[in-house]
Amino acid sequence: MIEIKGVSKRYDKDDVLYNLNCTIKENCIYGLVGANGSGKSTLLRLINGILIPDKGSIKIGKEKTFDNEKVKQNMVFIPDDLYFYPSYTLLDMAKFYQAMYKKFDMDYLKKLAGHLHLALNQKLSGFSKGMKRQCALILALATRSKYMFFDETFDGIDPVVRNFFKKAMARQMEEDKTTIIMTSHNLRELEDICDNLGLLYDGGILFESDIDSIKTNMFKVQISLKKDFDKEDFKDLEVLNFKKVGSIATLIIKDEKQESRNILEKMNPIILDYLPLTLEEVFIYEMEALGYAFEELL
């Protein structure tokens with residue numbers, strides 16, 4: 001488990017993170033979403049012991065990460081701003097990683113490179129941005145680390161290859177009991193792979209939730225009644241959003257006890273449809289309930 005307590009980090013006079021608290025459970029894929037400059041990269045660097053927090057503590061298990069070789073042997077971090085030695089090939093980089101990570105799986109790296117048609121002996125300086133990102137990701141996966149951190153995970157990668165990596169990460173999490181933390185400013189990128197999502201804003205985690213819970217506890221409902229009606233008719237429900245056009249209203253309902261359908265059916269509606277919500281819609285309505293405009297946060 002990754003436990004972050006009261007962490008603050010300042011650059012010059014600017015607070016990037018302030019009194020941030022977060023717990024990330026084992027063997028999950030945790031997505032960290034936030035606008036550019038919200039502190040996602042700083043938080044990953046703090047967890048990985050690259051930076052030291054000004055205040056607070058960060059532990060993996062019961063161990064602090066800074067200057068801890070034992071813990072770092074089980075961690076790999078791929079930053080947003082990639083760097084490779086100019087004359088190195090993918091195979092050279094693999095050997096470099098192999099020297100640092102005892103569990104490095106060279107055969108697995110070659111298998112992944114083959115699937116992606118990445119040349120092992122070509123200089124990385126000649127690769128495109130997307131190809132370099134692919135190389136960085138397969139190098140990380142081949143370390144077989146228990147904790148993997150990816151900053152702007154799929155930046156520059158086309159949808160087909162992105163899907164390939166999502167499957168590879170999910171498989172590795174299942175097989176090796178890996179914990180994966182990834183960041184993005186694009187919620188849609190993380191929706192179909194993460195178990196948990198946290199929204200980083202104004203130096204802290206503003207909102208976080210288990211994906212399965214959040215999607216099963218909130219509903220978009222379209223309803224029409226025989227009589228004229230307004231939002232007050234639904235005061236027994238937790239309505240996050242209400243819009244009425246003509247005789248049909250669309251409600252966003254938070255319903256953790258799964259009681260809303262029975263309540264609405266007792267109103268003898270002419271129309272009653274439950275519609276699926278995207279994760280982005282869920283976040284928008286949750287943020288509105290907290291008094292924030294979601295679009296401004298991302």
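Which entries of 59/177; 70/146; 62/166 have Cα-Cα distances beyond 24 Å here? Beyond 24 Å between Cα atoms: 62/166. Seen from residue 189, the other residues with C-beta closer than 12 Å to its C-beta sum to a net charge of -2, counting Lys and Arg as +1 and Asp and Glu as -1. Work from the charge dipole of the chain (Cβ charges, +1 for Lys and Arg, -1 for Asp and Glu, about the Cα centre) and give the residue of 113, 278, 2 farthest towards its positive end. Highest projection toward the positive end goes to 113. Each Lys and Arg Cβ is given +1 and each Asp and Glu Cβ -1; about its Cα centre, the chain then shows a dipole of about 1140 debye. What the phi angles of the range 207-212 give under the Karplus curve with 6.51, -1.76 and 1.60, with θ = phi - 60°, is a coupling list of 7, 8, 7, 6, 4, 4 Hz, glycine and proline written as x.
Taking 1.002 mPa s as the viscosity and 20 °C as the temperature, the Stokes-Einstein diffusion coefficient of the chain based on its alpha-carbon Kirkwood radius rounds to 100 µm²/s. Highest mean packing first, where packing is the average number of other Cβ atoms within 10 Å per residue, the peptides 151-158, 220-227, 162-169 line up as 151-158, 162-169, 220-227. The residues of the chain present an accessible area of 51 Å² per residue when probed at 1.4 Å with all protein chains retained. Could you work out what % of the accessible surface of the range 158-298 is carbon and sulfur, using a 1.4 angstrom probe and leaving DNA, RNA and ligands out of the count? About 45 percent, which is the carbon plus sulfur part of the accessible surface. Within the chain, antiparallel bridges make up roughly 70 percent of the DSSP beta bridges whose residues both belong there. For the range 29-42, backbone phi angles converted through the Karplus equation (6.51, -1.76, 1.60; θ = phi - 60°) give residue-by-residue couplings of 10, 9, x, 10, 10, x, 5, 4, x, 7, x, 4, 5, 4 Hz, Gly and Pro being listed as x. Taking a sphere under 11 Å around the Cβ of residue 209 and counting the other residues whose Cβ falls inside, with K and R at +1 and D and E at -1, yields a net charge of -4.
All other residues whose Cβ lies under 10 angstrom from that of residue 18 are scored, Lys and Arg at +1 and Asp and Glu at -1, for a net of 0. Across the range 227-243, rounded Karplus estimates of 3J(HN,Hα) from the backbone phi angles (6.51 cos²θ - 1.76 cosθ + 1.60, θ = phi - 60°) give 9, 6, 8, 9, 4, 4, 5, 10, 5, 7, 10, 8, 8, 7, 8, 9, 9 Hz, Gly and Pro being marked x.
The values are calculated or read from the model by the stated rules, or taken from the named source; none is laboratory data. Computed from a predicted structure; not experimentally measured. Note that we place each Cβ from the backbone using ideal geometry, even for glycine, and neighbour counts take in every protein chain shown. The accessibility values were calculated without ligands, DNA or RNA, using every heavy atom of the protein model including side chains. Shrake-Rupley method; radii C 1.70, N 1.55, O 1.52, S 1.80 Å.
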